[in-house]
1. Among 300, 315, 243, 320, which is out of contact with any Ser or Thr (no Cβ under 7 Å at 6 or more places or on another chain), modelled with pLDDT under 95 and within 15 Å of ligand 2 (Cβ to nearest atom)?
2. Could you check the range 219-231 and list, in sequence order, the residues that are crowded, with 23+ Cβ neighbours inside 10 Å and either hydroxyl-bearing (Ser, Thr, Tyr) or within 16 Å of ligand 3 (Cβ to nearest atom) (or both)?
3. Can you tell me which residue in the range 246-276 is surrounded by the fewest Cβ atoms within 10 Å (Cβ to Cβ), limited to those that are in a helix (DSSP H, G or I) and in contact with a Phe, Trp or Tyr (Cβ under 8 Å, 6 or more places away or on another chain)?
4. So in the range 318-329, with the set limited to residues that are among the hydrophobic types (A, V, I, L, M, F, W, C) and surrounded by 12 or more Cβ atoms within 10 Å (Cβ to Cβ), which one is farthest from ligand 1 (Cβ to nearest atom)?
5. Check whether at least one residue in the range 4-23 is small (Gly, Ala, Ser), more than 16 Å from ligand 2 (Cβ to nearest atom) and touching an Asp or Glu at 6+ places or on another chain (Cβ under 6 Å), and report yes or no.
6. Does at least one position in the range 75-91 carry a residue that is within 15 Å of ligand 1 (Cβ to nearest atom), crowded, with 16+ Cβ neighbours inside 10 Å and under 20 Å from residue 5 (Cα atoms)?
7. Is it the case that the range 31-40 has a residue that's farther than 25 Å from residue 288 by Cβ and either within 16 Å of the chain's Cα centre (by Cα) or assigned to a strand (DSSP E or B) (or both)?
8. Could you please let me know if residue 127 is touching a helix residue (DSSP H, G or I) at 6+ places or on another chain (Cβ under 9 Å), surrounded by 15 or more Cβ atoms within 10 Å (Cβ to Cβ), small (Gly, Ala, Ser) and over 22 Å from residue 195 (Cβ atoms)?
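The values are calculated or read from the model by the stated rules, or taken from the named source; none is laboratory data. Note that this is a predicted model, so its numbers are computed, not measured. When we count neighbours, we look across all protein chains shown, and the Cβ atoms used for this are built from the backbone with ideal geometry, even at glycine.
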Amino acid sequence: MAEPILEVSGLVKHYPLTRGILFRKQIGSVRAVDGVDFTLGRGETLGIVGESGCGKSTVARMLVHLEQPTAGTIRYKGEDITGLSGRALKSVRRRIQMVFQDPYTSLNPRMTVGDIIREPYDIHPEAAPKGDRARKVRELLDVVGLNPEHINRYPHQFSGGQRQRIGIARALALRPEVVVADEPVSALDVSVQAQVINLMAALRDEFDLSCLFIAHDLSIVRHISDRVAVMYLGRIVETGGDAEIYDRPTHPYTQALLSAVPVPDPEAREHRERIILAGDVPSPTDIPSGCRFRTRCWKARERCASEVPELAVPAGFRFAGGPADHASACHFAEEKQMVSAQDMTDDHPAGLV
Ligand SMILES: Nc1ncnc2c1ncn2[C@@H]1O[C@H](COP(=O)(O)OP(=O)(O)O)[C@@H](O)[C@H]1O
Ligand code: SF4
Ligand SMILES: [Mg+2]
């Protein structure tokens with residue numbers, strides 16, 4: 001793997017769960033992120049996938065210092081940046097930027113597009129001399145495929161896809177090295193999702209970015225990720241190279257997610273196995289003992305309730321060199337192909353490249 005740019009280890013975020021108005025008493029905690037480890041290599045794109053509420057945004061917010069971890073460390077180019085403050089924090093913040101999920105709420109409606117994209121320079125004046133900023137903003141508009149003439153327009157004058165382009169331009173203003181994109185296309189129409197993803201892939205290459213690309217659907221990250229991590233209830237349950245996860249998932253949760261991704265060919269769709277998970281995701285205030293997926297897993301046995309499965313290459317696949325040789329947090333990991341290789345190479349219906 002490429003030299004690591006971000007190394008996350010033992011990352012935890014617990015929110016106190018309180019009761020009472022006058023005398024607030026802590027009665028438990030919301031274990032939003034419950035021990036997450038991953039490495040992002042320089043120039044690499046890591047996709048993070050999982051259902052709503054599994055802790056994806058909380059991980060993203062901790063990486064850009066919008067949230068302080070309860071435990072764990074975040075290293076940037078080998079330096080522990082977890083507890084930084086003041087000037088040291090400011091200089092790191094410039095290098096790790098975020099693209100937010102909802103372009104409708106993340107842009108200030110009373111600011112012009114020019115002011116929105118220029119704002120990062122007010123916080124980091126060293127990034128561009130004053131006289132140079134208007135030119136830079138126009139350049140950024142052009143880079144994300146918007147008309148630089150529209151610099152004085154307001155967010156409501158743009159479509160959803162165009163607004164997300166504004167959010168991307170703002171994230172690029174300080175020339176970051178890492179971009180954390182938190183479900184950047186989830187709020188957009190399917191027809192424009194592909195355009196925005198393709199734009200992000202092109203900008204990643206042009207600006208030499210390392211990316212964390214978060215989504216709740218495996219089919220979205222496949223086209224942009226080198227590696228994928230699947231999250232469930234605050235933890236990563238399976239991680240590996242793009243082909244390993246899509247071709248030979250070994251964790252039952254990933255297999256269930258993959259059994260639901262859209263497949264373009266109707267015949268393939270008819271013949272494939274659909275795994276319908278039982279019940280709902282448990283509350284992060286009351287995480288099951290042992291394997292946290294066991295209440296919904298069709299393979300669960302006694303051991304699953306008592307022993308936490310570690311995220312590691314399962315013994316049977318270790319050193320095998322095949323696509324199943326990747327980390328999976330399951331005592332009974334087995335390879336299972338959910339989507340045929342043919343469907344994997346087919347064009348996405350929405351035009352992803
Ligand atoms: N500030 C907060 N206080 C309490 N609970 C929170 C807070 N932020 C998030 N949570 C809870 O943490 C869990 C993970 O949330 P989030 O990271 O937003 O998930 P995702 O982005 O995967 O949908 C959810 O159960 C959510 O309700
Ligand atoms: S450890 Fe047990 S409950 Fe968890 S995913 Fe594997 S088989 Fe299912
Ligand atoms: Mg989220």
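1. So the residue among 300, 315, 243, 320 that is out of contact with any Ser or Thr (no Cβ under 7 Å at 6 or more places or on another chain), modelled with pLDDT under 95 and within 15 Å of ligand 2 (Cβ to nearest atom) is 315.
2. 220, 221, 225, 229, 230, 231
3. Step by step, filter the range 246-276, then rank; the result is 258.
4. Top of the filtered list is 320.
5. Scanning the range 4-23 turns up at least one residue that is small (Gly, Ala, Ser), more than 16 Å from ligand 2 (Cβ to nearest atom) and touching an Asp or Glu at 6+ places or on another chain (Cβ under 6 Å).
6. no
7. yes
8. So residue 127 fits the description; yes.
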